[in-house]
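Peer 1: Take this structure, written in structure tokens, and hold onto it; I'll ask about it next.
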Amino acid sequence: MSKYRLFLLRHGEGAWNKENRFCSWVDQKLSEDGVKEARDCGRLLKEQGYKFDLVFTSVLSRSIHTAWLVLEAMGQEWVPVVKSWRLNERHYGSLIGLNRADMALQHGEEKVKLWRRSYAITPPPIDESHPHFLEIYNDRRYTTCDVPKESLPRAESLKEVLDRMLPYWNSTVVPEIRKGRTVLISGHGNSCRALLKHLEGISDEDIVRVTLPTGTPVLLELDENLKPVKPRQLLGDQAKIQAAIKKVEDQGKAKAST
Ligand SMILES: O=C(O)[C@@H](COP(=O)(O)O)OP(=O)(O)O
């Protein structure tokens, strides 16, 4: 029987989602469409009668703004929002800023798919020569982390995302769920995939086929051991959701960027 409800959400479309560039730890804002997606998501959740007690976000603006817009559309702006770098998007290393379709032309679609969706493959790390290195590592938000700046990742596989997220999940999120609080995690494509893998016990092979569209709430009904009692539900128009998933998958197809 379902005891708890947990909602996962990949933020609304960001500016670099639109440009098909790996965004990761670069703090891009939501696009106009992304703002609309977040508002629509809040309206849908309100229509369906859901109420949140607590929202968790990463320290990236696109996840925070999405949470704000969802809460505003629901008329639940008072709900506390808690932020942690441990919910950040996967660190895409030296791929950050690069166009996926260009990468597929240069390295092949299979390689890009492995970088994007495999469990244990870590992309090449970022170094000081990368155009976005200083922007990320000199950002004040990363002085507030529970690890020294030098220990922050320089690239991550999905497994490494789960490794840094799980301590936070177990110490901070789980106790709130166990108190009976309805939690929304306004996160990212890969941080949500990592959590889904953990909660649903998805194998390393099967996680490759899990892709999340932007701005679409995922409802998990959990038992007292926080195990799902039924398949995850992506809320909204199912045909539109399938089209949005395909669009994200197709971002890795070879095509010269304009
Ligand atoms: O880092 C990014 O560019 C995307 C994920 O990219 P893919 O894994 O889909 O390539 O993360 P998000 O938009 O959810 O923050």
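The values are calculated or read from the model by the stated rules, or taken from the named source; none is laboratory data. As the structure is a prediction and not an experimental result, all values here were calculated from the model. Surface accessibility is based on the protein's heavy atoms, side chains included, excluding ligands, DNA and RNA. Shrake-Rupley method; radii C 1.70, N 1.55, O 1.52, S 1.80 Å.
Peer 1: Which shape class applies to segment 174-226: rounded if a/c is under 1.5, otherwise prolate when a/b exceeds b/c and oblate if not, where a ≥ b ≥ c are the square roots of the Cα gyration tensor eigenvalues?
Peer 2: Cα axes put segment 174-226 in the oblate bin.
Peer 1: Could you state the angle between the C-alpha long axis of helix 158-168 and the longest principal axis of the C-alpha atoms of the chain, as a value from 0 to 90 degrees rounded to the nearest 10?
Peer 2: 40 degrees
Peer 1: Now a separate question. To two decimal places, what compactness ratio does the chain give when its Cα radius of gyration is scaled by 2.2 N^0.38 Å?
Peer 2: That ratio works out to 0.96.
Peer 1: Compute log10 of I(q)/I(0) for segment 184-258 with the Debye formula, placing one identical point scatterer on every Cα and leaving out solvent, at q = 0.13, 0.19, 0.20, 0.22 Å⁻¹, to two decimals.
Peer 2: Treating every Cα as an identical point scatterer, log10 I(q)/I(0) equals -0.44, -0.89, -0.97, -1.14.
Peer 1: Can you list, bin by bin at 5 Å, the percent of alpha carbon pairs in segment 9-99, starting at 0?
Peer 2: Per 5 Å bin, starting at 0, the Cα pair percentages come out as 3, 15, 23, 23, 17, 10, 5, 2, 0.
Peer 1: While we're looking at this one, here's another question. For a distance above 20 Å, tell me the whole-number percent of Cα pairs in segment 105-233 that qualify.
Peer 2: 55 percent
Peer 1: What's the carbon and sulfur percent of the chain's accessible surface, probe 1.4 angstrom, rounded to a whole number?
Peer 2: Taking all protein chains in place, the chain shows 51 percent carbon and sulfur surface.
Peer 1: Using alpha carbons only, what's the Rg to Rh ratio of segment 125-200 with Rh from Kirkwood?
Peer 2: Taking Rh as the inverse mean 1/r over Cα pairs, Rg/Rh reads 1.02.
Peer 1: Could you calculate the contour length gain from Ser151 to Asp250, that is, 0.36 nm times the residue separation minus the distance between their Cα atoms, to one decimal place in nm?
Peer 2: So the extension gain works out to 32.3 nm.
Peer 1: On C-alpha positions alone, give me the angle between the axis of helix 61-74 and the longest principal axis of the chain, in degrees, nearest 10.
Peer 2: 30 degrees
Peer 1: State the dimensionless ratio Rg/Rh of segment 48-129 (Rg: radius of gyration of Cα atoms; Rh: Kirkwood radius).
Peer 2: Ratio of gyration radius to Kirkwood radius: 1.13.
Peer 1: In Å, the Kirkwood hydrodynamic radius of segment 86-166 over pairs of distinct alpha carbons?
Peer 2: For segment 86-166, the Kirkwood estimate is 13.5 Å.
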